[in-house]
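Just below is one structure, and these are the notes that go with it.
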Amino acid sequence: MDTQTHPAAKEFYKYTFKELCQERGEALALEKVAMYQQPIYQHLNCTLLATYQNPSPAPEPSLLSQVVSVFYAPATNTTWQKQMPLHNVVNLIRSEVFKHETNVLRATPKNTTGKRKDCPNSIYKRTNFSYATFSGTFTYRDDKGLAKHSGLICIDIDHLGERLEEVRAKIIEDLATVVCFISPNGDGLKVLYEMDISKHSQYDWYEGYRQYLARSFGLEMGKLDSSCKNVSRACFLPHDPNIFVNPHFVTK
């Protein structure tokens, strides 16, 4: 959500729903919640910003505490090596753990013709990058192997080119964004959002967010990878020292 379109967004960005009630009263707090959610409701009739919507004083688990599965390279490996909270994965991306692989990948040429999966760049990524399944923990990496859903979904935005920094700046201002980082190849973004599998399917959430991103940020649908909608989808883990984490989702 662009704060130029919604000037009050920045003013209330640091507040939880409970704090908004205390600071401005429940009526205004609910008004701000509606303002933040309106663009998303146009595409998906679900409650997305649970941070604002639960006034209960009882603490809830942070989305950053949700556990996901991490798999070591190569991509053909379907046995998880670690089950860890999202905030630990964020710290790995922010650290230099994946820096070497990321630098080598970005220096590895891509084929402009032929099958994408056969180019040196794709082969290197599949064989050298660890990956995570952000939508949950798995007994083995397959949709049927889902053990527990994390309440998260990862959207791929590909081939942004010169628009990368512009689009990234807008996405990290959007209150619905949970985590955002630059993709392994350096020309796209991975964006994590909240979802509720009990209300809609993984496919519906993915398509809803694709529509939301396309219309909110002027992105071509072709740049929003349509092949990543399954729950066990692998997300390769790159080095991004500037990975963004929305403070709203750190605690509830």
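The values are calculated or read from the model by the stated rules, or taken from the named source; none is laboratory data. Because the structure is a prediction, the values reported are computed rather than measured. Cβ: placed from backbone, ideal geometry, glycine included. Neighbour counts: every protein chain shown. Side chains are part of the model used for accessible areas, which takes the heavy atoms of the whole protein and leaves out ligands, DNA and RNA. Shrake-Rupley method; radii C 1.70, N 1.55, O 1.52, S 1.80 Å.
List, in the order given, every pair from K82/K229; K82/K190; K144/K170 whose Cα-Cα distance in the structure shown is over 27 Å.
Values: K82/K229 23 Å; K82/K190 21 Å; K144/K170 35 Å.
In this structure, K144/K170 exceed 27 Å between Cα atoms.
S130: net charge of surrounding residues, Cβ under 10 Å, Lys/Arg +1, Asp/Glu -1, itself excluded?
0
Rg and Dmax of the range 67-144, Cα atoms, in Å?
Cα only, the range 67-144: 13.9, 40 Å (Rg, Dmax).
At 7 Å along the Cα-to-beta-carbon direction for both V250 and R94, put a label point, then send me their distance in nm to one decimal.
0.8 nm
Considering every Cα-Cα pair within the range 83-193, what fraction, in whole percent, is farther apart than 16 Å?
67 percent
Per q in 0.12, 0.19, 0.21 Å⁻¹, report the Debye log10 I(q)/I(0) for the range 137-252, using one uniform scatterer on each alpha carbon and no solvent.
-0.42, -1.08, -1.30
Hey, can you find the accessible area per residue of the range 91-180 for me, probe 1.4 Å, expressed in square angstrom?
50 Å²
Need one value: the accessible area of K125 in square angstrom, 1.4 angstrom probe, rounded to the nearest 10.
40 Å²
Quick one: net charge of F98's neighbours, Cβ under 15 Å, K/R +1, D/E -1?
On the way: positive: K82, R94, K99, R106, K125, R126, K190; negative: E96, E101, D240.
After counting each charged neighbour, the total is +4.
Normalise the Cα radius of gyration of the range 177-222 by 2.2 N^0.38 Å (N = residues in it) and let me know the number.
Output field value: 1.25.
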